[in-house]
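**Q** Submitted below is the structure of interest, expressed as structure tokens.
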Amino acid sequence: METVRLSGLYCLNEEGHSSKGNQLKGREGEYWYKADYMGYEGLSEYLVSRLLEWSNQCDFVRYDMVMMESNGRSYCGCRSKNFLKKEENLITLEHLYRQYTGQSLVRKLAGFYEVTDKISWLAEAVENITGLKGFGKYLTALLEIDTFFLNEDRHMNNIAVVYNKMHDQYRLCEYFDHGLALLADTVQDFPLKKTVEECMETVEAKPFSRSFDEQLDAAEALYGQQLFFHFDIKRVLAELKECREYYDEEICSRVEKILRYQMRKYGYLFKMC
């Protein structure tokens, strides 16, 4: 188990971020660090990225679990390499839309009733502003990832594009920020004393609907299925074995149960080699 000593961690909580914000974050060298705040976010980030290795998607942030020491305190969490080049900036969709129109993207989307209208309008708006192509397919893959892993925190400040100021052009951003997937919030909404079944009845999606399946069905109806997995339960268990070095058995068993359920429910996402 690796322990990294950091010069400092800070809270980041911008407008439009989750009400569960205030996670401690920091940067040392080429790595960004995030300390667990609501539960087992580090495990969630690690496991989602490891299982995405066994999919048809390749542009996602890789996370590792890590122990951190900062200001005399120890934290469990995760780290990831900085994926931006020197001349690149990460621009969230909320900030992008505000810069372009002076208005709130969240409020704009609230004006649409149908989920399909929200998704198609957003995809077209991003493409018009940035010149990117295929944003609807990109967004669909993101919603498929979030649905399968039950990411309850996909707001408009962690969907982003990357801007290259040297060349004045945009590119699609790597998929990132899965910390509040897999019912990782054990402090507020999904305490370990609750059963997985109880938690899954109450977990809600973002940003187009409270229903994961409603978002997923709408996006796939518009742009088709984009995500295919090719892992099995043996791969899940192998990755969870690594997690047990950092997290206790109760948490790892809970995550295993969640993934077994999701693999049965969303079997169509699996295309074994």
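**Q** Given 5 Å bins starting at zero, what is the percent of C-alpha pairs of the range 132-273 in each, up to the one with the largest pair distance?
**A** P(r) over the range 132-273, rounded to whole percents: 2, 9, 17, 20, 20, 15, 10, 5, 3, 1, 0.
**Q** I'd like to check one number: the per residue accessible area of the range 135-273, probe 1.4 Å, reported in Å² as a whole number. Could you put the intermediate results ahead of the total?
**A** Values: 6180 Å² over 139 residues.
Computed with neighbouring chains in place, this is 44 Å² per residue.
**Q** Given the options E152, E41, E69, which has the most mean-square fluctuation in a GNM of the chain, springs set between C-alpha atoms less than 10 angstrom apart?
**A** Looking only at E152, E41, E69, the largest GNM fluctuation is found for E69.
**Q** Show me, for the range 205-220, the HN-Hα J-couplings you get by feeding each phi into the Karplus relation (A = 6.51, B = -1.76, C = 1.60, θ = phi - 60°), rounded to Hz, glycine and proline as x.
**A** 8, 8, x, 9, 7, 7, 9, 4, 5, 5, 4, 4, 4, 5, 5, 5
**Q** Would you mind working out the magnitude of the charge dipole of the range 80-222 relative to its Cα centre, with +1 at each Lys and Arg C-beta and -1 at each Asp and Glu C-beta, to the nearest 20 Debye? Please list the in-between numbers first.
**A** On the way: 16 positive and 24 negative charges, 154 e Å.
Using Cβ point charges on Lys, Arg, Asp and Glu, the range 80-222 gives about 740 debye.
**Q** Given Cβ point charges of +1 (Lys, Arg) and -1 (Asp, Glu) and nothing else, what value in debye, to the nearest 20, does the dipole of the chain about its Cα centre take? All intermediate terms of the calculation are to be shown ahead of the outcome.
**A** Details: 35 positive and 44 negative charges, 80 e Å.
Dipole size: approximately 380 debye.
**Q** Is the shape of the range 203-273 best called rounded, prolate or oblate, per the rule: a/c under 1.5 gives rounded, else a/b larger than b/c gives prolate, else oblate, with a ≥ b ≥ c the square roots of the Cα gyration tensor eigenvalues?
**A** Numbers: a/c = 2.98, a/b = 1.59, b/c = 1.87.
Oblate.
**Q** Further question on the same structure: Any idea how far apart K271 and A110 come out in nm if each label point goes 7 Å out from Cα toward Cβ?
**A** Simple spin-label model gives 3.9 nm for this pair.
**Q** Using the Karplus equation 6.51 cos²θ - 1.76 cosθ + 1.60 (θ = phi - 60°), what ³J(HN,Hα) coupling, rounded to whole Hz, does each residue of the range 243-260 give in order, writing x for Gly and Pro?
**A** Per residue, the Karplus-derived 3J(HN,Hα) values read 5, 5, 6, 10, 10, 6, 5, 4, 5, 5, 5, 4, 5, 4, 5, 4, 5, 4 Hz.
**Q** In the range 133-273, with Lys and Arg counted as +1 and Asp and Glu as -1 at Cβ, which of these residues, A160, L192, C243, has the Cα nearest the positive end of the dipole, that is, farthest along it?
**A** A160
**Q** Could I ask something else about it? Build a GNM of the chain with springs between Cα atoms under 10 Å: which of F60, F112, F148 gets the top mean-square fluctuation?
**A** Highest fluctuation of the listed residues: F112.
**Q** Among the lysines, which fall within straight-line cross-link reach of K137, defined as a Cα-Cα distance under 18 Å, with same-chain neighbours fewer than 8 residues apart omitted?
**A** Hits, sequence-local ones excluded: K118, K206.
**Q** Please list, ordered by chain and number, the residues whose modelled amide H lies under 5 Å from the amide H of F270; skip anything fewer than 5 residues away on the same chain.
**A** HN-HN under 5 Å from F270: F229.
**Q** Within the set K108/K193; K86/K234; K194/K241; K34/K241; K34/K108, which residue pairs have Cα atoms separated by over 29 Å?
**A** Working: K108/K193 39 Å; K86/K234 39 Å; K194/K241 23 Å; K34/K241 21 Å; K34/K108 31 Å.
Flagged as over cut-off: K108/K193; K86/K234; K34/K108.
**Q** May I pose another question? What are the ³J(HN,Hα) couplings of the range 135-143, residue after residue, when phi is run through the Karplus curve with 6.51, -1.76, 1.60 and θ = phi - 60°? Round to Hz, x for glycine and proline.
**A** 5, x, 5, 4, 5, 4, 4, 4, 5
**Q** Right, something else. Send over a whole-number figure in Å² for the accessible area per residue of the range 1-134, probe 1.4 Å.
**A** Values: 7000 Å² over 134 residues.
Accessible area per residue: 52 Å².
**Q** Carbon and sulfur atoms: what percent of the 1.4 Å accessible area of the range 135-179 do they account for? Numbers along the way, then the final one.
**A** On the way: 570 of 1200 Å².
Of the solvent-accessible surface of the range 135-179, carbon and sulfur hold 48 percent.
**Q** What is the magnitude of the charge dipole of the range 28-159 about its Cα centre, with +1 placed on the Cβ of each Lys and Arg, -1 on the Cβ of each Asp and Glu, and no other charges, expressed in debye to the nearest 20? Each step should come with its number before you reach the end.
**A** On the way: 15 positive and 20 negative charges, 53 e Å.
Charge dipole of the range 28-159: 260 debye, to the nearest 20.
**Q** Under 5 Å between amide H atoms, partner at least 5 residues away or on a different chain: which partners does F60 have, H built in plane at 1.01 Å?
**A** Y175
**Q** With all protein chains present, how much of the accessible area of the range 62-105 (probe radius 1.4 Å) comes from carbon and sulfur, to the nearest whole percent? Walk me through the numbers on the way to the answer.
**A** Working: 1000 of 2380 Å².
The computed percentage sits at 42.
**Q** Once amide H atoms are built 1.01 Å from N in the peptide plane, which residues 5 or more positions from L24, or in another chain, come under 5 Å H to H?
**A** Amide H neighbours of L24, under 5 Å, 5+ apart: A35.
The values are calculated or read from the model by the stated rules, or taken from the named source; none is laboratory data. All figures in this text were calculated on a predicted structure; none of them were measured in a lab. Note that we place each Cβ from the backbone using ideal geometry, even for glycine, and neighbour counts take in every protein chain shown. Ligands, DNA and RNA are excluded from the accessible area calculation, which covers all protein heavy atoms including side chains. Shrake-Rupley method; radii C 1.70, N 1.55, O 1.52, S 1.80 Å.
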